[in-house]
Amino acid sequence: MTTVELGMPDAPTPIDAAIARSLEQHGPKLTELKGKDFKTDQEVRWCPGCGDYVILNAVQSFLPSLGIAREDMVIVSGIGCSSRFPYYMNTYGMHSIHGRAPAIATGLAASRPDLSVWVVTGDGDALSIGGNHLIHALRRNVNMTILLFNNRIYGLTKGQYSPTSEVGKVTKSTPMGSLDHPFNPVSLALGADATFVGRAMDSDRKGLTDVLRQAAEHQGTSLVEIYQNCNIFNDGAFELLKDPATGPMWTIPLEHGKPLVFGPDGASCVVREDFGGLRIAETNQVDASEIVVHDATREDPSYAFALSRLSSQDLRYTPMGVFRKVRKPSYEAMMAEQLDEARLQGAGDLAELLAGGDTWEVKA
Amino acid sequence: MTGTNPTVAPSSSNGALATSVSTSAPGGLVKSVVELDRVVIRLAGDSGDGMQLTGNRFTSETASFGNDLKTLPNFPAEIRAPTGTLPGVSSFQLQFADHDVMTPGDAPDVLVAMNPAALKANLAELPGGGLLILDSDEFTPRNLAKVGYATNPIEDGSLEGWQTVSVPLTSMTTDALKDSGLGKKEAERSKNMFTLGLLSWMYHRPTEGTIRFLERQFRRKPEIAAANIAAFRAGYNYGDTTEAFAVSYEIKPAPMKPGRYRNISGNQALALGLVAAGQRSGLPVFLGAYPITPASDILHELSRHKSFGVRTFQAEDEIAGIGAALGASFGGALGITTTSGPGVALKAETIGLAVMTELPLVIVDVQRGGPSTGLPTKTEQSDLLQAMFGRNGEAPVPVIAPRSPGDCFDAAVEAARIALTYRTPVMLLSDGYLANGAEPWAIPDADSLPDLTTAVAFATEPNGEDGEFLPYLRDEETLARAWAIPGTAGMQHRIGGLEKADRTGNISYDPANHDFMTRTRQAKIDGIAATIPPTDVEDPDGDARVAVIGWGSTYGPIGAACRRIRSSGRKVAQIHLRHINPFPADLGEVLARYDRVICPEMNLGQLALLLRAKYLVDVQSHTQVRGMPFRSAELAAVIQDAIDIAGPDTTAPDTTAPAAVDPVAVNGALQ
């Protein structure tokens, strides 16, 4: 059988050419940029006072330090207030449909390992209509960073309870209080074996930036739950943690390698309990050796899961920071490896493929 | 052997032409060879009997011998229904001939029934006088009772109307394998190969291909390979020496256009077409799919072609399958999703997003019986209106359909051409019959396939007057928007499902803009008609007054019916559509030429509805949803009625026309 030269395999594909061209003409790396460089000309249309502004500013300010060019960054979002995020970022972006951003981002990241892919989503988008895509993205470990803005309410549809709302929440759709038990997004992600899970507060610029940086640098799927205040429909939802008077009491800062001691004067701590669980103790009532030293790199997710279970739905004892950060091959890298392996015998030849199997010749 | 008819006479139950040639065989037996122009064989057995494999092997042998052929696999949705029951019957029908054939045949000439259930489920379709081969070992009281036979049909005379040969296929297989070291149960499983051997002898099929296949298939279990080959040879030799079959049949190769051929199923052809589209466009192929009958084989096939840079992603659900494909398209890949009707329903919202974001995407719907889960393994054409309109808002999508298994290849390339050129999702409507059916396929010259590189021109420079990039600035001719992919410096932009402002693509709620954009999206799809060929009309007489119009897999049955009509001296035109949205530009004009237009469809009249709405033509809809392709005799009757109603043909010189005969009863060779 003769093989037909397509005249193409050696020539760069349009994608290769576009990437090569863009490498030549690459715009300044984000490191050389200022926050304003990735503001767009679009008017930001969140309600005045919304926590989303704070997050947008934090992201815009910290991105330059990542050293990624704007054109190499893609932000994919679903539907909801938070999902307007891409319009305000001078990167590539897609404001997609409700719940599907992780699926769309998966296809993009899997076929373009050269890009930095981000998903911006909310508690309704990611955990209700898009719950399935979220857990599957996490178990696959496609290289992308998912920012889950959790305001514990449906804002864009004007105030129904969400899958993270506390039981008994009185909203327009639940005048006698909601019946649903809420998801703990961090527990859910860890249950899906997510390789990176973190939590941060919208108003805590330093803490948020620190978690975001680690998430962005992680190879694989990172999930960052960001507590975000909806000042119109669920104002003060995180006040317990934000109020300088109560916040330190109920917040457990997670620092890798540091003992889990928290509260005013370090009065509280985290110690082990039976069945692999964790519990809160008074620091002066336990031996220092009993206090858990935080290790985000534990392969077994049970520890991080136990941490996530310390907090109740009223937000008391909420760990903030990076719960889990483990190395695992990322999906798109393994996919690319399979393609390379398949090409070891040479790139596919179309004429050969078409003439594959049992063939016969009909003579003139 | 308890046959009721010891020597089988030449079969011509379906009007096949037979010529008898005597010859002698070893052992002093005089065996005659009868030349036939065509045969329809149906193999029927339990789901576990391997009938599909047997049919596929016989098909491969027949294809490589050079006959033209069409196949019709027919199997239950249950993987293994209880053994020996009617719901568990699986069958495989093929027609092969010394001329081109358009269908797998209306009815079999030969029925092989491996058990009482297979006999009961299929006998009604075997015309009187047809050849019936039964495995007598399986006609036990227990198996007979399972399907409600009070007496054994082999013995009670109820099969007298057919040429019945009952052969102990099972025990002859185990006898042949008694030294193989296999247990009885295991040896029995080779009875399908024994049967294949017998049929291969009967129809003078080449055997090397099957032996090679078995060696390859069981290369890790050489004892199983050896047993199957032994059973296959034993069946062949049995045919050669037994008195039960005094006749074997010869069907000469069909004249075909010179070239290299292979046997191909629709799903396989479609997958190869997608690989070819990737190669010819220079884009990496990305398939996002969720397993679903009868489309999964496309996913399986594409996943084998990683050396072409094809990425296949088995998603968590149908929505993620298309979502990932659209994400890949955004990144500059040829995004594809494959599914069946229920999957299309789930993908609808993402198709709408692809319409709004104006990104290329190929959606393959291998249609099956519906609604809901419907008939997963059966064929139907009832997703046409879903493909056309199954989305919120005004969301026009081009729709194209292949007409035969091999044509799935060209349809896939065409779907990619439209998707890439016009930056739009495209619906490709295959169906269960095309997907699993097979035919000989002239292997195309890879070099002569359409060059799709011109369709892919990524925007790399700002196109706005002020040096900005305007993602919704359009090509004046195609109305396709500028497509810049991530990674291209200075071209950062945001797209999404909210209404876009013309040119800039920014969010716009402006009433006039929405009206303009809605009409522009429609105009873009309508404009595709400029690049598609004129309507395909087959009217050898040139002055038919009745036309039959179809789309998709009905091409074969309609074509066969038209041949019958023409051979009876009547005139009919066949119009077959590849493009259903948009229609070819001249379609309205073409339809207006005919007094009557008949539209057979495997739905309740979906194309007819579109044609009537668009062209105000009084299309006569003829429909069936039996999960099976049309029978050409049935369609011929419908066409004949229409011709009769249309009245005498005053333009045709009646005197020279052959005497009108009943086209329904006309020689089955025209199928």
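By the scheme Lys and Arg +1, Asp and Glu -1, what is the net charge of all other residues having a beta-carbon under 13 Å from that of B:Lys31?
Summing Lys/Arg as +1 and Asp/Glu as -1 gives -3.
Sorting check: for A:80-87, A:96-103, which peptide has the highest mean count of neighbouring beta carbons within 10 Å, and how do the rest follow?
Highest-to-lowest ranking by the protection proxy: A:96-103, A:80-87.
I want to check the label-to-label distance for B:Glu215 and A:Lys39. Put each point 7 Å from Cα in the C-beta direction and report it in nm to one decimal.
Here the answer is 7.5 nm between the modelled labels.
Would you work out which of A:Leu240, A:Ile135, A:Leu307 lies farthest towards the positive end of the dipole of chain A, given +1 charges on the beta-carbon of Lys and Arg and -1 on that of Asp and Glu, about the Cα centre?
With unit charges placed on the Cβ atoms, the residue in question is A:Leu240.
If I model chain A as equal point scatterers sitting on the Cα atoms and use the Debye formula, what is log10 I(q)/I(0) at q = 0.11, 0.14 Å⁻¹?
For chain A at q = 0.11, 0.14 Å⁻¹, log10 I(q)/I(0) is -0.79, -1.17.
Antiparallel DSSP bridges in the protein assembly as shown: what percent, to the nearest 5?
Just about 40 percent of them are antiparallel.
Using mean Cβ contacts within 10 Å as the protection proxy, how do B:109-117, B:597-605 order, highest first?
B:109-117, B:597-605
Using heavy-atom solvent-accessible surface (probe 1.4 Å) with all chains present, what is the largest-first order of B:Arg280, A:Arg139?
Final ranking, largest accessible area leading: A:Arg139, B:Arg280.
Over the whole of A:85-95, what's the average partner chain Cβ count within 10 Å per residue? Rounded to a whole number, please.
Other-chain Cβ atoms within 10 Å of each residue's Cβ, averaged: 5.
Beyond 21 Å, what share of the Cα-Cα pairs of region B:408-475 is found? Please give it as a whole percent.
In whole percent, the share of Cα-Cα pairs in region B:408-475 beyond 21 Å is 48.
Using only alpha carbon pairs under 8 Å that are at least six residues apart, calculate the relative contact order of chain B and give it in whole percent.
12 percent
Give me the compactness ratio for region B:407-539, meaning the Cα radius of gyration over 2.2 N^0.38 Å.
Taking N as the residue count of region B:407-539, the ratio is 1.32.
Can you give the helix-only mean residue ellipticity at 222 nm for the protein assembly as shown, where every DSSP H stretch with n ≥ 4 adds -39500 (n - 2.57) and the sum goes over all residues, rounded to the nearest 500 deg cm²/dmol?
That comes out to -9000 deg cm²/dmol.
List the aspartates and glutamates whose Cα sits under 17 Å from the Cα of A:Lys158, skipping any in the same chain fewer than 8 residues away.
Cross-link targets: A:Asp52, A:Asp123, A:Asp125, A:Asp235.
If I take the Cα coordinates of region B:537-646 and project them onto the principal axes, what are the three extents in Å, biggest first?
Cα spread of region B:537-646 along its principal axes, largest to smallest: 34, 34, 23 Å.
Can you tell me which of A:311-321, B:61-71 comes out highest on packing, and rank the rest after it, using the mean Cβ neighbours within 10 Å?
In descending order of packing, they fall as B:61-71, A:311-321.
Please compute, for peptide A:137-143, the average count of beta-carbon atoms on other protein chains lying within 10 Å of each residue's beta-carbon.
Counting other chains' Cβ atoms within 10 Å and averaging over A:137-143 gives 1.
For a Förster distance of 60 Å, can you work out the FRET efficiency between the beta-carbons of B:His99 and A:Ser173, rounded to the nearest 0.05?
Result of the calculation: an efficiency of 0.30.
Tell me, what is the Rg over Rh of region B:262-455, with Rh the Kirkwood radius over Cα pairs?
0.93
Where the accessible area of chain B is counted over protein heavy atoms with a 1.4 Å probe, how much of it, in %, is carbon and sulfur?
About 53 percent, which is the carbon plus sulfur part of the accessible surface.
Can you pull the one-decimal nm distance between simple spin-label points at B:Ala592 and A:Ala333, each 7 Å off the Cα toward Cβ?
In this crude spin-label approximation the distance works out to 6.6 nm.
How much accessible area is lost when chains A and B come together, counting both sides, with a 1.4 Å probe, in Å² rounded to the nearest 100?
6400 Å²
State which entries of B:Lys184/B:Lys221; B:Lys31/B:Lys178; B:Lys70/B:Lys378 exceed 23 angstrom in Cα-Cα distance in the structure shown.
Violating the 23 Å limit, Cα to Cα: B:Lys31/B:Lys178.
List the extent of the Cα atoms of region B:521-569 along each of their three principal axes, largest first, rounded to whole Å.
48, 24, 14
Give the accessible surface of region B:262-455 per residue, rounded to a whole number of Å², with probe radius 1.4 Å and ligands, DNA and RNA excluded.
22 Å²
Is region B:32-250 best put as rounded, prolate or oblate by its Cα gyration tensor, with a ≥ b ≥ c the root eigenvalues, rounded for a/c under 1.5, and otherwise prolate when a/b is larger than b/c, oblate when not?
rounded
How big is the charge dipole of region B:465-538 about its Cα centre, in debye rounded to the nearest 20, if each Lys and Arg gets +1 on its Cβ and each Asp and Glu gets -1 on its Cβ?
In debye, rounded to 20, region B:465-538 gives about 320.
Scale the Cα Rg of chain B by the rule-of-thumb value 2.2 N^0.38 Å and send over the ratio, two decimals.
1.05
Positive end of the dipole of region A:14-253, charges at C-beta (+1 Lys, Arg; -1 Asp, Glu), about the Cα centre: which of A:Ala215, A:Gly191, A:Met89 has its Cα farthest in that direction?
After comparing all options, I get A:Met89.
Taking every residue in B:303-313, how many Cβ atoms of other protein chains lie within 10 Å of its Cβ, on average?
Going residue by residue through B:303-313 and averaging, the value is 6.
How much length is gained on full extension from B:Thr151 to B:Ala585, taking 0.36 nm per residue of separation minus their Cα-Cα distance?
150.0 nm
Rounded to the nearest percent, how much of the accessible area of region A:172-289 (1.4 Å probe, protein heavy atoms only) is carbon and sulfur?
53 percent
Going through the DSSP H helices of chain B, which span 20 Å or more along their own axis at the Cα atoms while scoring at least 1.6 as a mean Kyte-Doolittle hydropathy?
none
Would you work out the charge dipole size for the protein assembly as shown about its Cα centre, treating the Cβ of every Lys and Arg as +1 and the Cβ of every Asp and Glu as -1, and quote it to the nearest 20 debye?
In debye, rounded to 20, the protein assembly as shown gives about 1120.
7 Å from Cα along Cα→Cβ at both B:Val33 and A:His181: what's the point-to-point distance in nm?
Computed distance between label sites B:Val33 and A:His181 equals 7.7 nm.
What translational D, rounded to a whole number of µm²/s, comes out for the protein assembly as shown from Stokes-Einstein when the hydrodynamic radius is the Kirkwood one over Cα pairs, at 37 °C and 0.692 mPa s?
Answer from the Stokes-Einstein relation: 102 µm²/s.
Quick one: net charge of B:Ala254's neighbours, Cβ under 9 Å, K/R +1, D/E -1?
-2
Do any residues of region B:328-353 lose at least 30 Å² of accessible area when the full set of protein chains is present rather than just their chain alone, and if so which, with a 1.4 Å probe?
B:Phe330, B:Gly331, B:Glu349, B:Leu353
Could you pull out the trypsin sites (Lys or Arg not before Pro) across region B:109-185 that fall in loop regions by DSSP (anything but H, G, I, E, B) with no more than 11 other Cβ atoms inside 10 Å?
Hits after loop and neighbour filter: B:Lys178.
For A:Glu32 and A:Glu290, FRET efficiency with R0 = 51 Å and r from the beta-carbon atoms, rounded to 0.05?
Using R0 = 51 Å, I get an efficiency of 0.55.
If you average the alpha carbon positions of region B:201-228 and of region B:65-134, how far apart do those two centres end up, in angstrom?
22 Å
Check the straight Cα-Cα distances from A:Lys363 and name the aspartates and glutamates below 18 Å, setting aside those fewer than 8 residues away within the same chain.
Within the straight-line cut-off, A:Lys363 pairs with B:Asp68, B:Asp98, B:Asp100, B:Asp445.
For the pair B:Asp475 and B:Glu125, what calculated FRET efficiency results from E = 1/(1 + (r/R0)^6), where r is the Cβ-Cβ distance and R0 = 51 Å, to the nearest 0.05?
E(calc), rounded to 0.05, equals 0.40.
The values are calculated or read from the model by the stated rules, or taken from the named source; none is laboratory data. If you're wondering where the values come from, they're calculated on a predicted model, not measured in any experiment. Don't worry about glycine lacking a Cβ; one is built from the backbone with ideal geometry, like all the others, and counts go over all protein chains shown. In case anyone asks, the SASA skips ligands and DNA or RNA and just uses the protein heavy atoms, side chains included. Shrake-Rupley method; radii C 1.70, N 1.55, O 1.52, S 1.80 Å.
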